[in-house]
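What follows is a short report on a single structure.
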Amino acid sequence: MKEHDLQPPYVAFKEWHVICDALLSGEQSIILRKGGIAEGRKGFAFQHNAFLLFPTFFHSQYDGVRKEISDEQRHDSEEDRETVEFSGFCSVEGHAILSDWGEIERLEPFHIWQPSLLQERFDYGNQSALHLAVVKTHRFVAPLQVSYIKRFGGCRSWVDIPENEVPPYNTVLDDKSWAEFYSGLVNTLTTNLIQYE
């Protein structure tokens, strides 16, 4: 598998901050997504091989994960923010569209979402499916602070970030931990992963 570096112009993927935290801590190395209502006519796709993690602060997320979130870990409303703190980025090592709910159920050991939330997302819209991305996560030595601007809002997954440089970073999982995770995931999946060239 190739290592995909983050290159300008930078793009960011909007995700609940609790999921961003799980990715940045190595607790989780997959993303499951249906897509927002403002994704455009073609709908959602993992169209970038590397992207910044844009944490969102919607309060409903705390009921959507199988994890206790302390008061100290909770954030103010999305409407109150003045800056975005990017703590790292992901490089996509494989992606797929999963249309078998049973296959998604078998992924439960690899993420912290509530099954009921994923079921709701799976069933939403014209196609019963979820997009899967298998990602390596890289944490910046110091967070990248960007002023929040209006176009960052809305129910879309991808936003362009007006920065020309990002901080140094370290990969969250070492080679051995990544190999163990990836082997276990591939053995769980029945759908073949698509790799970027």
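The values are calculated or read from the model by the stated rules, or taken from the named source; none is laboratory data. This one's a predicted model, so the numbers in the text were calculated from it and none came from an experiment. Counting neighbours? That spans all protein chains shown, and the Cβs are built from the backbone with ideal geometry, glycine included.
What to note about this one:
- Remark: SER99 falls outside the filter, which requires a residue to be under 25 Å from HIS138 (Cα atoms) and modelled with pLDDT of 95 or more.
- Against the conditions (1) closer than 21 Å to TRP16 by Cα; (2) modelled with pLDDT under 95, GLU165 satisfies every one except (1).
- The single condition among (1) more than 17 Å from TYR196 (Cβ to Cβ); (2) at pLDDT 95 or above that PHE57 does not satisfy is (2).
- Residue identified as loosely packed, with under 14 Cβ neighbours inside 10 Å and either touching a residue at least 12 places away in the same chain (Cβ under 8 Å) or in contact with a Ser or Thr (Cβ under 7 Å, 6 or more places away or on another chain) (or both) among THR171, THR137, THR190: THR190
- In summary, ARG156 fulfils each of the numbered conditions (1) more than 16 Å from the chain's Cα centre (by Cα); (2) surrounded by fewer than 18 Cβ atoms within 10 Å (Cβ to Cβ) with the single exception of condition (1).
- Any chance GLU120 is modelled with pLDDT of 90 or more and out of contact with any His (no Cβ under 6 Å at 6 or more places or on another chain): yes
- Within the range 12-34, if we keep just the residues that are in a helix (DSSP H, G or I) and among the small types (Gly, Ala, Ser), the residue that is surrounded by the most Cβ atoms within 10 Å (Cβ to Cβ) turns out to be ALA22.
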